[in-house]
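The values are calculated or read from the model by the stated rules, or taken from the named source; none is laboratory data. The shown structure was predicted, so the numbers you read here are calculated from the model rather than taken from an experiment. A quick note on method: Cβ atoms are made from the backbone with ideal geometry, for glycine too, and the neighbour counts reach across all protein chains shown. For the accessible areas, the whole protein counts, side chains as well, though only heavy atoms, and no ligand, DNA or RNA atoms are used. Shrake-Rupley method; radii C 1.70, N 1.55, O 1.52, S 1.80 Å.
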Amino acid sequence: MSVPEEEERLLPLAQRWPRASKFLLSGCAATVAELATFPLDLTKTRLQMQGEAALARLGDSARESAPYRGMVRTALGIVQEEGFLKLWQGVTPAIYRHIVYSGGRMVTYEHLREVVFGKSEDKHYPLWKSVIGGMMAGVVGQFLANPTDLVKVQMQMEGKRKLEGKPLRFRGVHHAFAKILSEGGIRGLWAGWVPNIQRAALVNMGDLTTYDTVKHYLVLNTPLEDNIMTHGLSSLCSGLVASILGTPADVIKSRIMNQPRDKQGRVYENILC
């Protein structure tokens, strides 16, 4: 055995397998974040669904159900009508989705930044490279995670269906995957993937690009150093920009994902109509 191989075995796992380590760390961080923020995601999905043209075809039960008004009142309404734990309805596929999506996009972005594009001579990552790299990373990660995102959206609407007197579609996460697969085949698991990757491209363009740009600006033009305060401020800015850019496509993909797969119940044919 050569000396370099012996030295490599003594290195920490993060240095021996940097891509795999980044994927695992991103997945763990995404799981914790998803558990903490999922009620917000649920209220967002419920708000996105109401008002669509499909509600006019759902009968009197849909018309009689009280509309959601704002994030806080929506969350309180879910607790009162369905129970506190229903704020985490569909959290399991959401965790699956974030592990695949966050890990996939971060590994892709790191690879593009370090190997494909590379940094400039002053070790700065140019804005145009951040934009392209962020969009490509978002597309790859979201395409891989689309089946889990589809199940998450449909399970988030199960509580609403029950209140409207409709039968529940799924008994659990694995039943949801099996049912979608049996009804639509492999292609059925990628329903709504076009607006989904468009949303991911916009979100990551705003997220990763803004993060790198703001952090670089703060380090060069303020007394702040590259520490947790700088990372926190950069994350706040990137999250705000990402949400603003990605919300329209997010509404479209949620409605397409939640509609029935058969032609009789289908409301939206594509992202335009």
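With respect to the conditions (1) open to solvent by less than 70 Å² (accessible area, probe 1.4 Å); (2) at pLDDT below 70, Gln15 falls short on a single one, namely (1). Within the stretch 224-237, residues that are within 13 Å of Asp212 (Cβ to Cβ) and assigned to a loop (DSSP other than H, G, I, E, B) reach partners that are open to solvent by less than 100 Å² (accessible area, probe 1.4 Å) and not acidic (Asp, Glu) with beta carbons closer than 7 Å, at six or more positions or on different chains, in the pairs Asp226/Val219.
The single condition among (1) farther than 23 Å from Met106 by Cβ; (2) surrounded by 15 or more Cβ atoms within 10 Å (Cβ to Cβ) that Arg187 does not meet is (2). In the set (1) part of a helix (DSSP H, G or I); (2) at pLDDT 85 or above; (3) over 19 Å from Ser26 (Cα atoms), the condition left unmet by Val116 is number (2). Just to be sure, is Ser234 in contact with a helix residue (DSSP H, G or I) (Cβ under 9 Å, 6 or more places away or on another chain), over 26 Å from Trp88 (Cβ atoms) and open to solvent by less than 20 Å² (accessible area, probe 1.4 Å)? Yes. Among the residues of the stretch 73-120, those identified as open to solvent by less than 80 Å² (accessible area, probe 1.4 Å) and of a type in the set (A, V, I, L, M) are Ala75, Ile78, Val79, Leu87, Val91, Ala94, Ile95, Ile99, Val100, Met106, Val107, Leu112. Within the stretch 79-113, the residues that satisfy the criterion of being within 15 Å of the chain's Cα centre (by Cα) and either modelled with pLDDT of 85 or more or aromatic (Phe, Trp, Tyr) (or both) are Gly90, Val91, Thr92, Pro93, Ala94, Ile95, Tyr96, Arg97, Val100, Tyr101. Listed conditions (1) in the same structural domain as Gly133 (by the TED database); (2) open to solvent by 70 Å² or more (accessible area, probe 1.4 Å); (3) of a type in the set (A, V, I, L, M, F, W, C) are all met by Leu240, apart from (1).
Of all the criteria given as (1) open to solvent by less than 20 Å² (accessible area, probe 1.4 Å); (2) in the same structural domain as Lys253 (by the TED database), the one not satisfied by Pro223 is (1).
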